[in-house]
Amino acid sequence: MSLSMYQASVPVLVRALKALSGVLQKGADFARERNIAPDVLLNTRVIADMFPLARQVQIATDMAKGAAYRLAGQDVPSMADDETTFEQLQERIAKVIGMIEGIEPGRIDGSEAREIVLKMRSGERRFAGQEYLFGYVLPNVYFHATTTYAILRGEGVPLGKADFIG
């Protein structure tokens, strides 16, 4: 049996987002237990020229949402990117999971060659659907999820590999 584009995208993205949610929950618990203001963790960066934790989560969810909608040939709904608390980030993750799980598999299956055009600051970037998913979306989702994990782990949150994998 071959792997469909739906199977290679939505369930994989949902699993990554659920694991990200678990990592964030451990971060929130850690902040509460240690009496650390949550915004301290949410604004922490790996290094000065990288985005802070909250933005990492926003980008991971935007990538997942964008992938499902673009592969389905639908316009991508926008989100405000205004989350400032762990709770709001959790709500965002749950909302995106619900959005992408709501896309019918048949809308995504067969999208291997669908042209995906991204308008970026550097100009347009064109992909075939399969290249977009495997060469752009999945690496980006995992990069931003990993960076979120690394920020929290670097601040002392007791996380392990199993937390990242989900």
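Report, in degrees rounded to the nearest 10, the 0 to 90 angle that the Cα long axis of helix 5-33 makes with the longest principal axis of the chain. Here the helix axis deviates by roughly 10 degrees. All other residues whose Cβ lies under 13 angstrom from that of Q74 are scored, Lys and Arg at +1 and Asp and Glu at -1, for a net of +2. Remark: spin-label model distance T84-R32 equals 2.1 nm, labels positioned 7 Å along the Cα→Cβ axis. Counting lysine pairs in the stretch 1-159 that sit 8 or more residues apart in sequence, or on different chains, and whose Cα atoms lie under 14 Å apart gives 4.
Taking 7 Å steps out from each Cα toward its Cβ at A94 and L118 produces label points 2.9 nm apart.
Go through (i) 1.06; (ii) 1.44; (iii) 1.11 and flag the label whose value is the computed Cα Rg over 2.2 N^0.38 Å for this structure. Working out Cα Rg over 2.2 N^0.38 Å from the coordinates points to (i). Per residue, the chain exposes 53 Å² of solvent-accessible protein surface, assessed with a 1.4 angstrom probe and all protein chains in place. Relative to the longest principal axis of the Cα atoms of the chain, the long axis of helix 138-154 lies at roughly 0 degrees.
Given a 1.4 Å probe and every protein chain left where it sits, what share in percent of the accessible area of the stretch 40-159 is carbon and sulfur? Carbon-and-sulfur percentage of accessible area, whole number: 50. Using just its DSSP H runs of length 4 or more, each adding -39500 (n - 2.57), the chain gives a mean residue ellipticity at 222 nm of -18500 deg cm²/dmol after division by all residues. For I47 and R15, the FRET efficiency from 1/(1 + (r/R0)^6), where r spans their Cβ atoms and R0 equals 30 Å, is about 0.60.
The values are calculated or read from the model by the stated rules, or taken from the named source; none is laboratory data. Just so we're clear, the structure is a prediction, and the values are computed from it rather than from any experiment. Because the Cβ atoms are built from the backbone with ideal geometry, glycine has one as well, and the counts that use them run over all protein chains shown. Ligands, DNA and RNA are stripped out before the accessible areas are found, and what is left, the full protein with its side chains, is counted by its heavy atoms. Shrake-Rupley method; radii C 1.70, N 1.55, O 1.52, S 1.80 Å.
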